[in-house]
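As structure tokens, the structure follows; a few thoughts come after it.
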Amino acid sequence: MKSYIGISIGPVVKTITMVRKPKELWSASYLFSYLAKKIINTLPEGCRLVSPAKCEDKLGIGLYPDRIYVECPDGFGLSEAGKWMDAAWEDFNAGLNLNRDYFNLMVAPCSVGNDREALAVLNGSLDLLELNVFAQDEDSTENIMTLLRKSSGSPLFVDGMDSRRFVVDTLAEIAAAELSSAENLWRSFTAAVNEEEYSGDPYSELAHCKSYHKYFCVVQADGDNVGKSLRTMDDDEIHAFSQALIDFGRNAKNQIDSYGGFPVYAGGDDLLFLAPVVGKDGRNILELVEDLNSKSFECVSDLSKDSAMSLSFGISMCYYKHPLYEALNTARDLLERAKNVKNKNAVSIRLEKHSGESFDVTFSKNMEGLWNLVEGLIDSTNDGNTVSAVAHKLRRSETLLYDVLEDRAGRAVRLDAYFKNILESDGSAYFTSVKNLVPALYEALGKNGFAESIYSMLRIAKFIKGEEPRDE
């Protein structure tokens, strides 16, 4: 039998949802990755790091997750672990001057035969311990917020960026990143955005502005079937897997940077980032998440033996003045919804318009051809009036549409008639895209929620393709 210890670090979610600005979000996330780094760097002699893999690079993003697993020598118990945590805390808190009572540092031991068994047992133990988290007092919380609000001189900036200052775009600048190549206009826009007394609409400084340029995305992602895959790996394979997760974080950051987004966290199989609806490189947000799944995560998913590993995403699209903490909560809820989709590899999207309307759709990308049909719908969307008319006619005639879709034997003929007579199809590429998507989405979702989902998908596709701000 071997001795192991699992360590849980918190409270991550509580801290992240207190923030108001992108820079605060980065600091809140990096704070816990920084603490994990100090725990790993003070690893006692004779202990072996199982997961995560150690990373010495300064990439400007948190790469360490909130759980650490270590094989320990015989006789290394909770008392020794406590001394280790004390040493790590002293190293971590130098220059930060934080109250340790704010942090939930939980340790669980076990004795099992190998790394695979240790991960399973320790995860269960840490799950139980995390149910007993304690409330933080007001002074400790304010102490943390003082650190997160720093615009310069934060030890977090020095460790993550090698700089005492860390300039982060505002939500408006992130949202409009596609237009940043027009340097003169962009300078006027950023000056207006950052001018506290500016009373006009800063977007008036930009040419060719679409509605989506006023909206930012909060994206959260989590790996599917990761635990199931780990249960099939030996110790050497788990070591390679841990290293692959670091590589995934590095690759994901590069992808998000190229797109014009703001990577916040890429630890383990989790991602958190802010991004425009359409990026500097011309990709839209759905194309980005697909590339993160099929390209960046490939170094991890290729290690799976039996269970197909993938990423599921929660995507919250919000107006640039929308409270960031609310968008973060929404993205987290959407990710939870995506994780509960039967076939995994899912995406859950909410577009929350400035007008108060919201549109939701959730589906698995594992449904054959469905993702390509969604991309085709976005590509073929052009006339906003047609999109609105089709969406509303679909909603008004949903009972008839259900009857058509349930008739699988006569579906093709009846669907043609439905599009011709009810939707008044003109045979254009857009109508063809909608007609192909309708039965595919119905097969993916079933009757429950289908009508609202197809309506929302049409409206989201129209928004991503681009509409004039006056059409809000």
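The values are calculated or read from the model by the stated rules, or taken from the named source; none is laboratory data. Just so you know, these numbers come straight off a predicted model, no measurement behind them. Every residue, glycine as well, gets a Cβ built from its backbone with ideal geometry; the counts of neighbours run over all protein chains shown. SASA here: full protein model, heavy atoms, side chains in, ligands and nucleic acids out. Shrake-Rupley method; radii C 1.70, N 1.55, O 1.52, S 1.80 Å.
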request  = Kindly list the residues of segment 433-457 that lie in the label zone of ASP407, defined by a backbone N under 17 Å from the point 7 Å along the Cα-to-C-beta vector.
outcome  = 439
query = Can you give the Rg to Rh ratio of the chain, both from alpha-carbon atoms, with Rh computed by the Kirkwood formula?
reply = 1.01
inquiry  = Counting only Cα atoms, I'd like the Rg/Rh figure for segment 53-126, Kirkwood definition for Rh.
reply    = 0.99
ask   = Counting only protein heavy atoms, what percent of the accessible surface of the chain is carbon or sulfur at a 1.4 Å probe?
value = 46 percent
task = Considering the options VAL19, ASN114, THR42, tell which one lies farthest towards the positive end of the dipole of segment 1-139, charges being +1 on Lys and Arg and -1 on Asp and Glu at the Cβ, about the Cα centre.
result = VAL19
message = Report, to one decimal in Å, the Kirkwood hydrodynamic radius for segment 385-426 based on all distinct Cα pairs.
response = 10.5 Å
key: Eligible aspartates and glutamates near LYS210 by straight Cα distance, threshold 17 Å, same-chain separation 8 or greater   = GLU173, GLU178, ASP201, ASP281, GLU352, ASP379, ASP383, GLU467, GLU468, ASP471, GLU472
task = Could you pull out every residue, at least 5 positions away or on a different chain, whose amide H is within less than 5 Å of the one on TYR265? Hs are placed 1.01 Å off N in the peptide plane, and Pro or chain starts have none.
result = LEU272
query = Quick one: helix 22-41 against the long Cα principal axis of the chain, what's the angle to the nearest 10°, folded into 0 to 90?
reply = 40 degrees
inquiry  = Under the √(5λ) rule applied to the eigenvalues of the Cα gyration tensor, what semi-axes describe the equivalent ellipsoid of segment 112-163? Give them in Å, descending.
reply    = 35, 20, 5
task = Measure nothing fancy, just the Cα-based angle from helix 411-421's long axis to the longest principal axis of the chain, in degrees from 0 to 90, nearest 10.
result = 60 degrees
ask   = Per the Kirkwood formula on distinct C-alpha pairs, the Rh of segment 348-472 is how many angstrom?
value = 14.7 Å
query = Out of ALA87, TYR430, ASN123, whose Cα points farthest toward the positive end of the dipole of the chain (charges: +1 Lys, Arg; -1 Asp, Glu; placed on Cβ)?
reply = TYR430
Over the chain: helical MRE at 222 nm, DSSP H runs n ≥ 4 each giving -39500 (n - 2.57), nearest 500 = -14500 deg cm²/dmol
ask   = How far is helix 235-259 tilted, in degrees, relative to the longest principal axis of the Cα atoms in the chain, given as a value from 0 to 90 rounded to the nearest 10?
value = 50 degrees
ask   = Among all the lysines, which ones have a C-alpha under 27 Å from LYS228's C-alpha, if same-chain residues fewer than 8 places away are not counted?
value = LYS2, LYS37, LYS54, LYS253, LYS295, LYS305, LYS339, LYS342, LYS344, LYS365
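At a threshold of 8 angstrom on Cα-Cα distance, excluding pairs fewer than six apart, so keeping six or more, what relative contact order does the chain reach in percent?
Taking the mean separation of contacting Cα pairs over the length of the chain, I get 15 percent.
Find how much the distance from ARG414 to GLU138 grows on full extension, using 0.36 nm per residue of separation minus their present alpha carbon separation; answer in nm with one decimal. Show your work: numbers first, answer last.
Values: separation 276, 0.36 × 276 = 99.36 nm, distance 6.34 nm.
Separation in residues times 0.36 nm, less the Cα-Cα distance, equals 93.0 nm.
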remark   = Per principal axis, largest first, the Cα atoms of segment 210-339 extend in Å by 50, 28, 19
key: Vicinal HN-Hα couplings computed from phi for segment 432-437 (Karplus, 6.51 cos²θ - 1.76 cosθ + 1.60; Hz; Gly/Pro x)   = 5, 4, 5, 5, 6, 6
message = How compact is segment 1-94 by the rule of thumb for globular proteins, expressed as Cα Rg over 2.2 N^0.38 Å?
response = 1.16
message = If you consider only alpha-carbon coordinates, what radius of gyration and Dmax does segment 123-195 have, in Å?
response = 19.3, 56
query = What does the accessible area per residue of the chain come to in Å², with a 1.4 Å probe and no ligands, DNA or RNA counted?
reply = 43 Å²
request  = Grab the other residues whose beta carbon is less than 13 angstrom from that of GLN220, score K and R as +1, D and E as -1, and report the net.
outcome  = -1
key: Net charge of Cβ neighbours under 12 Å - reference HIS322; Lys, Arg +1; Asp, Glu -1   = +3
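Between beta-carbons, use under 13 Å as the cut-off and find the net charge around ALA331, counting Lys and Arg +1, Asp and Glu -1.
That works out to -3.
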